[in-house]
Amino acid sequence: METYSFLREFADSWMLLFLFLFFLAIVLWVFRPGAKKEYQDTASIPFRHEDKPATTEEART
């Protein structure tokens, strides 16, 4: 079997399955319970401390 045919069959079957499962894992990780607070904190970063950066103590609260 030539290399191109082997890689084409592999990409059409196992790699497609692997990439779909990887995508599904990423989606489940993003929408897991408890992730909302983390993403809300990250989304509010541009609106914190307009005149100076937050210190490490302030960033944790």
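Give the residues of the range 21-45 that are open to solvent by less than 100 Å² (accessible area, probe 1.4 Å) and of a type in the set (A, V, I, L, M, F, W, C), sorted by residue number. Full working, then the answer.
The initial filter retains those residues of the range 21-45 that are open to solvent by less than 100 Å² (accessible area, probe 1.4 Å), namely 21, 24-27, 30, 32, 34-35, 38-39, 41-45.
Answer for the range 21-45, where residues must be open to solvent by less than 100 Å² (accessible area, probe 1.4 Å) and of a type in the set (A, V, I, L, M, F, W, C): Leu21, Leu24, Ala25, Ile26, Val27, Val30, Ala35, Ala43, Ile45.
Applying a threshold of 6 Å to beta carbon distances and a minimum spacing of six or more residues, or different chains, the list of pairs starting in the range 12-28 at a residue that is among the aromatic types (Phe, Trp, Tyr) and modelled with pLDDT under 95 and ending at one that is in a helix (DSSP H, G or I) and open to solvent by 100 Å² or more (accessible area, probe 1.4 Å) is empty.
Counting the residues of the range 1-20 that are of a type in the set (Phe, Trp, Tyr) and surrounded by fewer than 10 Cβ atoms within 10 Å (Cβ to Cβ) gives 1.
The values are calculated or read from the model by the stated rules, or taken from the named source; none is laboratory data. Computed from a predicted structure; not experimentally measured. As a convention, Cβ positions derive from the backbone with ideal geometry for all residues, glycine included, and neighbour counts pool all protein chains shown. Each accessible area value is taken on the protein alone, full model and side chains, heavy atoms only, with ligands, DNA and RNA left out. Shrake-Rupley method; radii C 1.70, N 1.55, O 1.52, S 1.80 Å.
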